[in-house]
């Protein structure tokens with residue numbers, strides 16, 4: 001893959017640009033790992049609470065996330081899975097993937113705010129999401 005020229009303007013329609021390839025691969029990794037970890041915590045929620053309490057595990061912000069309960073983690077799993085599927089569709093140059101991905105990312109940003117009232121809104125997550133959605137939007141002209 002040539003990372004020197006990540007602008008999709010010089011590619012012909014029907015071919016995946018280097019930028020789209022890079023964004024999809026990063027999304028496969030990020031959303032895949034996030035979906036897996038959310039599912040793992042959901043399935044072992046009670047055990048995770050016991051471990052955190054019994055062994056005094058000190059992971060910054062973990063207590064706050066655990067306060068969202070099992071609904072937080074199963075919803076996270078579903079949303080990250082939708083994000084991953086959206087990237088897969090964009091990999092196949094299908095515009096519907098952009099809509100899946102963007103919708104999932106908006107709900108992922110809102111999830112902690114809705115289910116964990118004390119959770120501070122993350123400007124970093126918002127900027128990261130805007131960059132990825134913008135990058136995918138630039139590549140919409142190559143999708144059907």
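The values are calculated or read from the model by the stated rules, or taken from the named source; none is laboratory data. Every value quoted in this text rests on a predicted model; they were computed, and no experiment measured them. Here the Cβ positions follow ideal geometry from the backbone for every residue, glycine too, while neighbour counts run over all protein chains shown.
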Taking the condition free of Cβ contacts under 8 Å to residues at least 60 places away in the same chain, within 30 Å of residue 143 (Cα to Cα), crowded, with 17+ Cβ neighbours inside 10 Å and in contact with a helix residue (DSSP H, G or I) (Cβ under 7 Å, 6 or more places away or on another chain), does residue 84 pass?
-> yes
Return yes or no: is residue 33 under 29 Å from residue 98 (Cα atoms), exposed (fewer than 13 other Cβ atoms within 10 Å of the Cβ) and under 15 Å from the mean Cα position of the chain (by Cα)?
-> yes
Can you confirm whether the range 44-59 contains a residue that is under 30 Å from residue 90 (Cα atoms), exposed (fewer than 13 other Cβ atoms within 10 Å of the Cβ), modelled with pLDDT under 85 and more than 16 Å from the chain's Cα centre (by Cα)?
-> no
Odd one out for residue 144 among (1) touching a residue at least 12 places away in the same chain (Cβ under 8 Å); (2) assigned to a helix (DSSP H, G or I) = (2)
Just one of the numbered conditions (1) at pLDDT below 95; (2) crowded, with 17+ Cβ neighbours inside 10 Å is not true of residue 113; which one?
-> (2)
Please verify whether the range 61-78 includes one or more residues that are part of a helix (DSSP H, G or I), in contact (Cβ under 8 Å) with a residue 24 or more places away in the chain, surrounded by fewer than 14 Cβ atoms within 10 Å (Cβ to Cβ) and in contact with a helix residue (DSSP H, G or I) (Cβ under 7 Å, 6 or more places away or on another chain).
-> yes
